[in-house]
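The values are calculated or read from the model by the stated rules, or taken from the named source; none is laboratory data. Computed from a predicted model, the values in this text were never measured in an experiment. Backbone-built Cβ (ideal geometry, glycine too); neighbour counts: all protein chains shown. To get the accessible areas, we keep the full protein, side chains included, count just its heavy atoms, and leave off ligands, DNA and RNA. Shrake-Rupley method; radii C 1.70, N 1.55, O 1.52, S 1.80 Å.
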Amino acid sequence: CDQGNSSVTFVFTATKVGALPLACVVHTSQTEEEYIKIFKLILNAVGSDAFFGNGFPKVILTDDSSAERNALRIVFPKSSMFLCIFHFCQSIWRWLWSSKQNVHKDHRPFLMNLVRNILFANTIQECDEHYDILKLDEIAKRNSNFIKYMEEYWKRKQEWCLCFRAKFFTRGNNTNNYAESSIRIFKDVILERCKVYNAMALITFVTTILEEYHIKRLLKFANGRVTKPSISYMDFIKKSKDLMVIDVSQNIY
């Protein structure tokens, strides 16, 4: 994020206002060793009474960055680690579309649906059944590399299958889209799509401009100001007030 190629790592929590940053670290690389230092610094800063007195977050949701996830497991061994299902599906879809895998174009959506059936299964038993269906499917058998690929993911099924996180209080957050959108705000609104001059300037942006942005956002929410979606909805209502809908036949209006 600066001309010295410093990185910024945020820890966010999901709220009704959107994602709110719990911690922010400016660092020099994205290795596992570096992430261990980062998360230990955060843990020391917040103390043992953090996270509602637990001293660790009960649930951590990330994309599939091995360096980051390994570091989190070391620093927060009692936390439950889940994968963002958007990034999971994205990785499966990219694999299916990779030319070196030689998966027929017509087979790709079918195989993707087999994976989605496993992902969105309501119970562990149903999840196991859908995985067995995938392994025995004729189209899947034609793509033996795909079955091997899914076998590796199946070893980590507790991380991505939604049935395994049903008992956890996630408030319906099965993707890290809140974090993705917040990073975009940081890049577009705070940094204005520019790199800052150096690390000290970057820290200033985080501690002043970003903090002011979140203060305004929290105050706007607390005061019950009209949000942009509400304004757009009222504008739509105004434009469609003279719209007449006539039922011609079943499903045709």
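Each Lys or Arg adds one and each Asp or Glu subtracts one; over the other residues with Cβ under 9 Å from the Cβ of HIS87, this totals -2. Over the Cα atoms of region 72-149, each weighted equally, I'd like the Debye log10 I(q)/I(0) at q = 0.15, 0.17, 0.22 Å⁻¹, rounded to two decimals. Taking Cα atoms of region 72-149 as identical point scatterers yields -0.60, -0.73, -1.03. Of all DSSP-defined beta bridges confined to the chain, some 65% are antiparallel rather than parallel.
A 1.4 Å probe, protein heavy atoms only, puts the accessible area of TYR213 near 60 Å².
Across all Cα pairs in region 1-40, the calculated P(r) in 10 Å bins from zero up to the longest distance comes to 27, 45, 24, 4 percent per bin. In this structure, the residue pairs whose Cα-Cα separation is over 28 Å, taken from LYS100/LYS135; LYS187/LYS239; LYS78/LYS157; LYS37/LYS167; LYS37/LYS195, are LYS187/LYS239; LYS37/LYS167. In this structure, SER65 and ILE246 have a Cβ-Cβ separation that, at R0 = 41 Å, corresponds to a calculated FRET efficiency of about 0.15.
For SER80, the residues 5 or more places off, or on other chains, whose built amide H falls under 5 Å of its own are VAL59, ILE60.
Here the chain is treated with +1 on each Lys and Arg Cβ and -1 on each Asp and Glu Cβ, and its dipole about the Cα centre works out to around 340 debye.
Each of THR15, VAL245, THR175 was placed along the dipole of the chain (beta-carbon charges, centred on the mean Cα), and the one lying farthest toward the positive end is VAL245.
Computed about the Cα centre, the dipole magnitude for region 25-82 is approximately 240 debye when only Lys and Arg (+1) and Asp and Glu (-1) carry charge, each at its Cβ. Per residue, the average separation of C-alpha pairs within less than 8 Å and at least 6 apart gives region 94-149 a relative contact order of 25 percent.
When +1 charges are put on Lys and Arg Cβ atoms and -1 charges on Asp and Glu Cβ atoms, the dipole computed for region 146-253 relative to its Cα centre reaches about 220 debye.
Taking 35 Å as R0, compute the FRET efficiency from the Cβ-Cβ separation of LYS167 and PHE236 and round it to 0.05. Step by step, r from the Cβ atoms, then E = 0.30.
Tell me whether region 18-128 comes out rounded, prolate or oblate; compute the Cα gyration tensor, take square roots of the eigenvalues as a ≥ b ≥ c, and use a/c under 1.5 as the rounded threshold. Note, shape of region 18-128 comes out prolate. Peptides 78-84, 104-110 ranked from most to least packed give 78-84, 104-110, packing being the mean of other C-beta atoms within 10 angstrom over each peptide's residues. The fraction of accessible area contributed by carbon and sulfur in region 47-153 is 51 percent, rounded to a whole number (1.4 Å probe; ligands and nucleic acids excluded).
Only protein atoms count toward the accessible area here, which uses a 1.4 Å probe; on region 168-253, the carbon and sulfur part of that area reaches 60 percent. Residues in region 82-157 average 58 Å² of solvent-accessible surface per residue, probe 1.4 Å, ligands and nucleic acids excluded.
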